[in-house]
Every structure is written in structure tokens, then in C-alpha cells.
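Structure, as C-alpha cells:
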Amino acid sequence: AQSVAQPEDQVNVAEGNPLTVKCTYSVSGNPYLFWYVQYPNRGLQFLLKYITGDNLVKGSYGFEAEFNKSQTSFHLKKPSALVSDSALYFCAVRGDGNYQLIWGAGTKLIIKP
Amino acid sequence: GAGVSQSPSNKVTEKGKDVELRCDPISGHTALYWYRQRLGQGLEFLIYFQGNSAPDKSGLPSDRFSAERTGESVSTLTIQRTQQEDSAVYLCASSSTGVPGAVAYNEQFFGPGTRLTVL
């Protein structure tokens, strides 16, 4: 069965420090991986995706994610956190030929000044 | 161009009433999804439309829920005889399919959602 795990309900980071939001997945065939962000009272926004190619994917707002096939992970990272990065982050995955996204439960990221 | 729009933004209804939620996808997007997001939780898939193909209704929680889509445009999600557990934010998303088989590659664009409160 396909699944996505975001093991941390909440991540707290001081402004200016690097941040990591973890995601692991289980899918049959090649994985197509996505990160979305949900700001308070706003819709979900696409951040970045991994389809194929370079394992390090760069996305919006200075975020990047690293695909690790052996660890079946797709952790979201940013070198220097901003208070404005505080939001809810969702990881999602599809398998080959599958249109349905499987979503993680979300991780609340809190950046403290 | 305009993004995905949903209406109403908020809906308060009494238990037992029917409600209809609307989604206008991005023009040209053939794929349309409905999700439910309960407070503090992740996204729960409800239904998927792709062009003129039969929709995937596998996520609808009960027969009180139904959805329609006219061609590749507007979609409506209807909840009959609403219950308090139906209270949630209902999100609509659309995506393009590009070349055949590429639907898996394409990100979804989300509307702002409809917050449904059943009293």
C-alpha cells in the first residue's frame, strides 16, 4: 500500500537557522514526490516536486528537498529560516501511472524570532 | 490567469440540510480533485475527475456525498442531509495532464476552500 509519513507534528526553529521537515514514503514503482505549504487562512501552495533526475530539487521561497531512494525519504530543507516560513507543510507522493496523491498528515513549522 | 476559485468561502448550515459547494478550476485543466480537511488534519481524498472519463469516487465517505463536473469546467460537490461530522474545509484542486501519462507528474493547484460548519 502507498503511504506517506511525516514523523513530526511540529518543528520549532530559530530564525536564521537551517530547517528540515521530514518525509518518508512507500510506493510501488517510481515515486513522484511533492511538497505543499499551507499558510493560515490561505489555500495550499505548491513548493516543489521530484519527478526524475537530480536528487536535490529547488523550489519556491528558497526551499529545497533531497530525494533519497535508499532511505525512501524526501526531506524539505532551507538553509536559513524566516519567521514568514511559519506554516503547515504537507508531503505527498504518487506512484507510476497513478493520478491520486497520497498525503502526509502535515508538519507545523514554527520559526521563532 | 485566474487560479482555482471556490464558493462560498464559508457555509453554516443546520444538521439535516443539503449543501452545494462549487469549484471553478483553472481554464484548460482537465483534472479536478475534491478533498476534505478536518481541523488540524491532513487532506482526505474525496473524488477525482479527468476529462470525460468516469470519475473516481472511491474517497466519498457515504452516499450522502456526490459530485458532478460539466465537461472540463465547473464542479459541484453536494452533501445531503448534513451531519455535524461533515464540518470541515472542502478543498478543490485542478491540474493539467500535458502529454498522455503525465498526470502523475503535474502539481495540483488549490482553491482557497469552503469552510463548512454544520450546527
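The values are calculated or read from the model by the stated rules, or taken from the named source; none is laboratory data. This structure is a prediction, so every number in the text was calculated from the model and none was measured. Every residue, glycine among them, receives a Cβ derived from its backbone with ideal geometry; neighbour counts consider all protein chains shown. Note: accessible area is taken over every heavy atom of the protein model, side chains too, but ligands, DNA and RNA are not part of it. Shrake-Rupley method; radii C 1.70, N 1.55, O 1.52, S 1.80 Å.
Just wondering, is there one or more residues in segment B:105-114 that are acidic (Asp, Glu), open to solvent by 30 Å² or more (accessible area, probe 1.4 Å), within 25 Å of A:Tyr89 (Cα to Cα) and at pLDDT below 90? The answer is yes, given that some residue of segment B:105-114 is acidic (Asp, Glu), open to solvent by 30 Å² or more (accessible area, probe 1.4 Å), within 25 Å of A:Tyr89 (Cα to Cα) and at pLDDT below 90.
Residues that are more than 10 Å from chain A (Cβ to nearest Cβ) and in contact with a Ser or Thr (Cβ under 8 Å, 6 or more places away or on another chain) were ranked within segment B:28-37; the one that is surrounded by the most Cβ atoms within 10 Å (Cβ to Cβ) is B:Leu32.
Condition check ((1) open to solvent by 20 Å² or more (accessible area, probe 1.4 Å); (2) facing chain A (nearest Cβ under 10 Å); (3) within 26 Å of A:Phe34 (Cα to Cα)) across all residues:
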| site | (1), (2), (3) |
| --- | --- |
| B:Asp24 | yes, no, yes |
| B:Gly51 | no, no, yes |
| B:Phe65 | no, no, no |
| B:Thr76 | yes, no, no |
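When the test is whether a residue is open to solvent by 20 Å² or more (accessible area, probe 1.4 Å) and assigned to a strand (DSSP E or B), B:Glu85 does not pass it. Looking only at residues in segment B:2-38 that are assigned to a loop (DSSP other than H, G, I, E, B) and basic (Lys, Arg), the one that is nearest to B:Arg81 (Cα to Cα) is B:Lys17. Report yes if A:Ala5 is in contact (Cβ under 8 Å) with a residue 40 or more places away in the chain and surrounded by 16 or more Cβ atoms within 10 Å (Cβ to Cβ), otherwise no. Judged against the criteria, A:Ala5 is not a match.
Residues of segment A:8-33 that are in a strand (DSSP E or B) and either open to solvent by less than 30 Å² (accessible area, probe 1.4 Å) or at pLDDT below 95 (or both): A:Val11, A:Val13, A:Leu19, A:Val21, A:Tyr25, A:Ser26, A:Tyr32, A:Leu33. Once segment B:39-49 is narrowed to residues that are out of contact with any Lys or Arg (no Cβ under 8 Å at 6 or more places or on another chain) and part of a strand (DSSP E or B), the residue that is surrounded by the most Cβ atoms within 10 Å (Cβ to Cβ) is B:Tyr48. When A:Arg42 is tested against (1) open to solvent by 20 Å² or more (accessible area, probe 1.4 Å); (2) under 29 Å from B:Cys23 (Cβ atoms); (3) part of a strand (DSSP E or B), exactly one condition is not met: (3). Among the residues of segment A:54-99 satisfying the criterion of being hydroxyl-bearing (Ser, Thr, Tyr) and touching a residue at least 12 places away in the same chain (Cβ under 8 Å), which is most open to solvent (accessible area, probe 1.4 Å)? Among residues in segment A:54-99 that are hydroxyl-bearing (Ser, Thr, Tyr) and touching a residue at least 12 places away in the same chain (Cβ under 8 Å), the one most open to solvent (accessible area, probe 1.4 Å) is A:Tyr61.
For beta carbons closer than 9 Å, sequence separation of 6+ or different chains, a first residue in segment A:32-53 that is within 7 Å of another protein chain (Cβ to nearest Cβ) and closer than 24 Å to B:Arg38 by Cβ and a second that is β-branched (Val, Ile, Thr) and buried (at least 20 other Cβ atoms within 10 Å of the Cβ), the qualifying pairs are A:Phe34/A:Val93; A:Gly43/B:Val4; A:Leu44/A:Val37; A:Phe46/A:Val37.
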